Amino acid sequence: MQNLDTEITGDLFEAKRTSKRKKATIIAIAVLLVLTLIAYLYHSLIPVGFKVALWYEQVIYVVLVYGLPVLGILISFGVGALIALLMNKERTYKERIWKSFRGSYLVFMVFNFLVITLFQVGIATDPNNPFDAVDFQEIATYTGDTEDLKVGNFKTDNYYFERFEDYQIEYDPYDGTSLKHKIGWINSAEYYLVDSLRQYGVDTLYVKITNNTADYYECYISADKKEAIYGKLYKVKE
């Protein structure tokens, strides 16, 4: 009888401890969700040039940035299902999978919170970040020589450009696509790019050059002559 009482007491103690761990995990997840929401709302994570991106790029960006907590549910459930197969078989598979899911999602939310927080820190510390708009009309243009920018090859981290007298071709080395724009010079430090197919959602982009060096030039780009984002194009030397 004593052994039976001891066994029952042990089971009750284990059940209470499991219940406490479950509640603690759920509370921790809830707190992380709130903190992550605050981190999301601290500063918009939609870039200024978002509206000129291709529609599928917009969808992918929104899903990967703002949809992480939801994606985390699916990922954590899959990871939890695999972990449940390796857990002690004393409990049912359903009990094991929900337990491993809670743990996996907690780890995922910690990761998500840290990523968004670091993202926000980067925005706050980078004066040329793509999330803060600059008034295009107030930008002072470069007053030096820009003749070497009229024709030539240029590149950024993601694109390669071939520029001719009256048009420019933009290449995406990752997917092999290219866009052709008509180019017109307003003055020595301002030009515009025209895309009759509106592949970026607008037909004209306006550019102001703010600096020109031997290796690169800096500029600001706008789709409406109001909000502008910073750009830096490196010169490709033959």
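State yes or no: is Asp148 surrounded by 10 or more Cβ atoms within 10 Å (Cβ to Cβ) and assigned to a helix (DSSP H, G or I)?
So Asp148 passes the test.
From the list Tyr234, Tyr159, which residue is closer than 18 Å to Phe50 by Cα and aromatic (Phe, Trp, Tyr)?
From the options Tyr234, Tyr159, the qualifying one is Tyr159.
If you go through the range 51-65, how many residues are within 17 Å of Gly122 (Cβ to Cβ) and surrounded by 13 or more Cβ atoms within 10 Å (Cβ to Cβ)?
So the answer is 2.
Return the total of residues in the range 126-145 being loosely packed, with under 14 Cβ neighbours inside 10 Å, modelled with pLDDT of 90 or more and not in a strand (DSSP E or B).
6
Show the residue pairs meeting these rules: Cβ distance below 6 Å; 6+ apart or different chains; first residue within the range 38-56 and more than 16 Å from Ala133 (Cα to Cα) and in the same structural domain as Gly67 (by TED's automatic domain parsing); second residue of a type outside the set (S, T, N, Q) and part of a helix (DSSP H, G or I).
That search, which allows pairs on different chains as well, returns Ala39/Ile116.
Given the residues Asn88, Asn153, which is the only one that is assigned by TED's automatic domain parsing to the domain that holds Gly231 and either touching a Pro at 6+ places or on another chain (Cβ under 8 Å) or not in a helix (DSSP H, G or I) (or both)?
Asn153
Which of the residues belonging to the range 40-61 are under 21 Å from Asp224 (Cβ atoms), assigned to a helix (DSSP H, G or I) and of a type outside the set (Ser, Thr, Tyr)?
Result: Val48, Gly49, Phe50, Lys51, Val52, Trp55, Glu57, Gln58.
Which pairs have Cβ atoms under 8 Å, sit 6 or more apart or on different chains, and link a residue in the range 92-108 that is not assigned by TED's automatic domain parsing to the domain that holds Ile26 to one that is part of a helix (DSSP H, G or I)?
none
In this structure, is Val63 at pLDDT 90 or above and on the phi < 0 side of the Ramachandran plot?
So Val63 fails the test.
Search the range 169-197 for residues being at pLDDT 90 or above and part of a loop (DSSP other than H, G, I, E, B), and hand back the single one that is nearest to Ala133 (Cα to Cα).
If we take residues in the range 169-197 being at pLDDT 90 or above and part of a loop (DSSP other than H, G, I, E, B), then Ala189 is nearest to Ala133 (Cα to Cα).
Given the conditions (1) exposed (fewer than 15 other Cβ atoms within 10 Å of the Cβ); (2) aliphatic (A, V, I, L, M); (3) without any contact (Cβ under 8 Å) to a residue 24 or more places away in the chain; (4) touching a Phe, Trp or Tyr at 6+ places or on another chain (Cβ under 7 Å), and given that Ala84 satisfies all but one, which numbered condition is not satisfied?
(1) is the only condition that Ala84 fails.
The values are calculated or read from the model by the stated rules, or taken from the named source; none is laboratory data. Keep in mind the model is a prediction, meaning the values are calculated, not measured. Here the Cβ is made from the backbone with ideal geometry for all residues, glycine too, and neighbour counts use every protein chain on show.
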